[in-house]
Number of protein chains: 2
Amino acid sequence: MTTQAFGTHGADQALEAMTIQRRGLRPDDVAIDIDYCGVCHSDLHFARNDWGFSIYPLVPGHEIIGTVREVGEKVTGFKPGDRVGVGCLVDSCRDCGACDDGLEQYCEKGATGTYNGRDQHDGSLTFGGYSESVVVSERFVLSVPDSLDPARAAPLLCAGITTYSPLRHVKVGPGHKVGVIGMGGLGHMGIKFARAMGAEVTLLTRSQAKADEALAQGAHHVLVTTDSEQMKASAEHFDFLLNTVPVQHDLNPYMETLKRDGTMILVGQVDTVEPPLHTGPLLFRRRAILGSLIGGLPETQEMLDFCAEHGIECDIEMIRMQDINSAYERLEKGDVKYRFVIDMASLRAA
Amino acid sequence: MTTQAFGTHGADQALEAMTIQRRGLRPDDVAIDIDYCGVCHSDLHFARNDWGFSIYPLVPGHEIIGTVREVGEKVTGFKPGDRVGVGCLVDSCRDCGACDDGLEQYCEKGATGTYNGRDQHDGSLTFGGYSESVVVSERFVLSVPDSLDPARAAPLLCAGITTYSPLRHVKVGPGHKVGVIGMGGLGHMGIKFARAMGAEVTLLTRSQAKADEALAQGAHHVLVTTDSEQMKASAEHFDFLLNTVPVQHDLNPYMETLKRDGTMILVGQVDTVEPPLHTGPLLFRRRAILGSLIGGLPETQEMLDFCAEHGIECDIEMIRMQDINSAYERLEKGDVKYRFVIDMASLRAA
């Protein structure tokens, strides 16, 4: 089935309108008309081949909210008209330990990305949510609670689960002091989640300018990391640090703000740690550094339900599909509060 | 009280005989005649001021086994003639959260090292176990089970507890696959402990030459890390890696041998991580890196009792006090299986 989309034909090319093919329904498939799609920083990295494994044509988008149009004959959990979501994954082996544990993001044979992946049945390239519709196997489709605004729910599928999952994994709760490093799409969700889980939340930021915003997002405190007095006063303060910074930066000063047995959770940066990590802060206080990647399907559903229960949504700026290239330029400068979401009606209207 | 010792007056000087003063007994003090003292790699670092904070004269030694000579009036746990041990610490604030938890090594106000430390009462410099005797507050004195050979028990006070504590902390037990990286003083103890705790144990070593030794120490398997086929076959294999390597090395290839949710425990290296750590292996399998430093007093006693129960001792090479400088030379080359222990009778005989 021919579908309108926006994508790019090469690392140095702008995104433009293109047509792609969506497969006919397999028995377990759900066909989804896309209403909204969030713009993740990864979309930009993939479009420009920053990680070296982009395949073109490339249609980004893995924060998808839509409406079920049609379901395959074996689908039991969804029916036409249902509001649904699709995140970063559309398939996995479904047979390894990770998949059995509902942690498809860690599939031992490699999960299939919502875009830039290869369909496990026919080897076709997967295309993401910058498009009118998508066809996804039921296991990888999420139910979106009615009470959530669909546009503001879109970024939950990546920015939301990426921060929710590790906070749950380490069992953040009342009595914990949680520091969130960075306040972009991930960071502002981290603040909301940690607060809703009952923790005392601090935003760690280089600039006092973000203080008011952070408090408005639910942070109890702000720690300006460029202020050496504040940093000194925060030594051995946090149980957990949620580090959402997506680029190389010095981890060492942050490590000192963790209590004994504290953990820094890395969710943003996929790169070498430079300047290099010093092991001293780890050994001398039994601290840890832990990585975490998005979340599995059961936990993503749990996160959506948690958001409905606690009234948590993403703060977004809505854009038209046709404005994606200028949105990327602003995204590169960090000029968005806190996530662009594409109104896919703009693509249909074109 | 004047005591014979061996120490150094400067970073570039050999160790030599010297006399030091030991304090008279405070009410909570135990006076110990030293029988044996292990030679830790830290002793060498301190003697040569490798870490930049050595204070001279410096008398190394923090793997002390001795016999109680006299006790202060308030001492209840020891009496003259008891076999006792002293490890890396001789005091701490005794009032912070760490001390309350029996984790004096993480004392928030700074624990007092057995040597190169400052006594918390009179500010005098502490001198280590390369000496005839030592005076230590009861809380920092350990009871050595009769069934342990005293010379072979000495290195348990540092090399032993340094490996035992983190294995306990992460709850190593039956069903776990534990990899031990490096087979020096720490590594060979790590193998023994992990085995006794019920884990399946693998030595990771650069050289096939250590295979037979490792199996003799209790390892079930040996993984030669310079063999790319073996490394490839060991991807996502271990629950825990106990990394005992004391110098800078590339952590990244080891990280790939950890399962999802696996943890690398660093106990040997206090330095920057170079070549730099890549965060990819952490994020993509939710792996962690954890530091750990020796152990607290209650756990050190537990470790000694565990050794008695399981017949675990350190493999040592006995030396005379007068041979310490040549022992340091051999230690630098890794030419010791697996720990030098000084027979302190040699000092008294001199």
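Please treat every number below as a calculation from the coordinates, not as lab data. In this text the structure is predicted, and so the values were computed from the model without any measurement. Reconstructed Cβ throughout: ideal geometry from the backbone, glycine too, with neighbour counts over all protein chains shown.
Summary table
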read-out: Label point distance in nm, A:ALA216-B:GLU236, each placed 7 Å from Cα along Cα→Cβ; value: 4.4 nm
read-out: Chain B: most fluctuating residue of B:ILE161, B:ILE181, B:ILE20 per GNM, C-alpha cutoff 10 Å; value: B:ILE20
read-out: For B:GLY81, label point 7 Å along C-beta direction: distances to other copies, nm; value: 9.1
read-out: Residue-averaged beta-carbon neighbours from other chains (10 angstrom radius) around A:95-103; value: 2
read-out: Residue-averaged [θ]222 nm for chain A, counting only DSSP H segments that reach four residues, each worth -39500 (n - 2.57); value: -6500 deg cm²/dmol
read-out: Sorted by Cβ density within 10 Å, fewest first, the residues A:VAL247, A:VAL86, A:VAL180, B:VAL135; value: A:VAL247, B:VAL135, A:VAL86, A:VAL180
read-out: Extreme residue, positive dipole direction of segment B:160-291, given options B:VAL222, B:GLY173, B:GLY291 (C-beta unit charges); value: B:GLY173
read-out: Sorted by Cβ density within 10 Å, fewest first, the residues B:MET264, A:MET18, B:MET189; value: A:MET18, B:MET264, B:MET189
read-out: Residue of A:GLU104, A:GLU274, A:GLU299 that the Gaussian network model of chain A assigns the largest fluctuation, springs spanning Cα pairs under 10 Å; value: A:GLU274
read-out: Packing-based exposure ordering (other Cβ within 10 Å, fewest first) of B:GLU229, B:GLU329, B:GLU256; value: B:GLU229, B:GLU329, B:GLU256
read-out: Per-copy distances of the B:ALA11 label point, shortest first, in nm (7 angstrom along Cα→Cβ); value: 4.5
read-out: 3J(HN,Hα) from dihedral phi, segment B:282-293, Karplus parametrisation 6.51/-1.76/1.60, rounded to Hz, x for glycine, proline; value: 6, 5, 6, 9, 6, 7, 9, 10, 10, x, 8, 10
read-out: Inter-copy label distances at A:ARG348 (7 Å, Cα→Cβ; nm, one decimal); value: 9.3
read-out: Nitroxide proxy distance, nm - points 7 Å out along Cα→Cβ at B:ARG94 and B:HIS169; value: 2.5 nm
read-out: In segment B:163-246, trypsin sites (Lys or Arg not before Pro) in a DSSP loop with at most 11 other beta-carbon atoms within 10 Å; value: B:LYS171
read-out: Alpha carbon centroid spacing (whole Å) that separates segment A:161-224 from segment B:113-160; value: 44 Å
read-out: Nearest-20 debye value, chain A charge dipole, Cβ charges on Lys, Arg, Asp, Glu; value: 540 debye
read-out: Estimated distance in nm for a label pair at B:ASP227 and B:GLN21, the labels positioned 7 Å out from Cα along Cα-to-Cβ; value: 6.0 nm
read-out: Nearest-20 debye value, segment A:207-350 charge dipole, Cβ charges on Lys, Arg, Asp, Glu; value: 300 debye
read-out: For chain B, built as a Gaussian network whose Cα springs stay under 10 Å, the top-fluctuating residue of B:HIS221, B:HIS278, B:HIS41; value: B:HIS278
read-out: Over chain B: Kirkwood hydrodynamic radius from C-alpha pairwise inverse distances, Å; value: 20.6 Å
read-out: At q = 0.06, 0.07 Å⁻¹, base-10 log of I(q)/I(0) for the protein assembly as shown (Debye sum, equal scatterers on each alpha carbon); value: -0.42, -0.55
